[in-house]
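As structure tokens, the structure follows; a few thoughts come after it.
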């Protein structure tokens, strides 16, 4: 189930979007404190953001820029100001699509689905997996966090992909070994430990030393 964050000051519009998207099976949350958008974004860890331009305190362009410093999550702009200047500005600030008000909820939903499909479809070459600001790019085997990007080895990428797919759940050592080597037989158990230790050391260099948690004697997890 994809999580969608709505940053929209007009409560009637926000409620209508939430109700409609919820019917399609999305988990939807509305920002309630427009001075703390980043905090709500980090706490909810959405796969897509619907962002209005006209907001209290700071406009949508500002928040788009702040989110882009931390995440490549797709951003869909909304605005009653539908002239070309606003469209160009939204895209230049890092937005992925733009829907002018008033809009049809079915059209909005179709755009949301298309954005999610382009970003997260396993059939694509540039799939991104996002969790609390950490971006795992399965297309080029890289990991990005707060402006830093690192290249991952094949095994490091497989370990993180599996943990991201099951975030919040303990992944047993046997399952990780099967993903890495297509078998948990004839593989020295210490080999996995060495791989995870090296990966943790690498992650610590960009401030992610606590991303992977150990459950002694069981396996590893990325907390949800």
Before we move on, is residue 105 outside the structural domain of residue 147 (by TED's automatic domain parsing), touching a helix residue (DSSP H, G or I) at 6+ places or on another chain (Cβ under 6 Å) and in contact (Cβ under 8 Å) with a residue 60 or more places away in the chain? yes
Test set (1) surrounded by fewer than 12 Cβ atoms within 10 Å (Cβ to Cβ); (2) touching a strand residue (DSSP E or B) at 6+ places or on another chain (Cβ under 9 Å) - residue 148 fails condition number: (2)
Restricting attention to region 30-64, and to residues there that are at pLDDT 95 or above and over 20 Å from residue 120 (Cα atoms), which single residue is surrounded by the most Cβ atoms within 10 Å (Cβ to Cβ)? 31
Report, by residue number, each residue of region 9-29 that is modelled with pLDDT under 95 and either in contact with a helix residue (DSSP H, G or I) (Cβ under 8 Å, 6 or more places away or on another chain) or under 16 Å from residue 65 (Cβ atoms) (or both). 24, 26
Of 192, 136, which residue is farther than 18 Å from residue 218 by Cβ and either touching a helix residue (DSSP H, G or I) at 6+ places or on another chain (Cβ under 6 Å) or surrounded by 18 or more Cβ atoms within 10 Å (Cβ to Cβ) (or both)? 136
Exactly one of 182, 140 is out of contact with any strand residue (DSSP E or B) (no Cβ under 9 Å at 6 or more places or on another chain) and more than 24 Å from residue 37 (Cβ to Cβ), and that residue is 182
Every residue from region 144-184 that is out of contact with any helix residue (DSSP H, G or I) (no Cβ under 7 Å at 6 or more places or on another chain), in contact (Cβ under 8 Å) with a residue 24 or more places away in the chain and part of a strand (DSSP E or B): 144, 145, 148, 172
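The values are calculated or read from the model by the stated rules, or taken from the named source; none is laboratory data. None of these values were measured; they are calculated from a predicted model. Here Cβ is always computed from backbone atoms with ideal geometry, including for glycine, and neighbour counts include all displayed protein chains.
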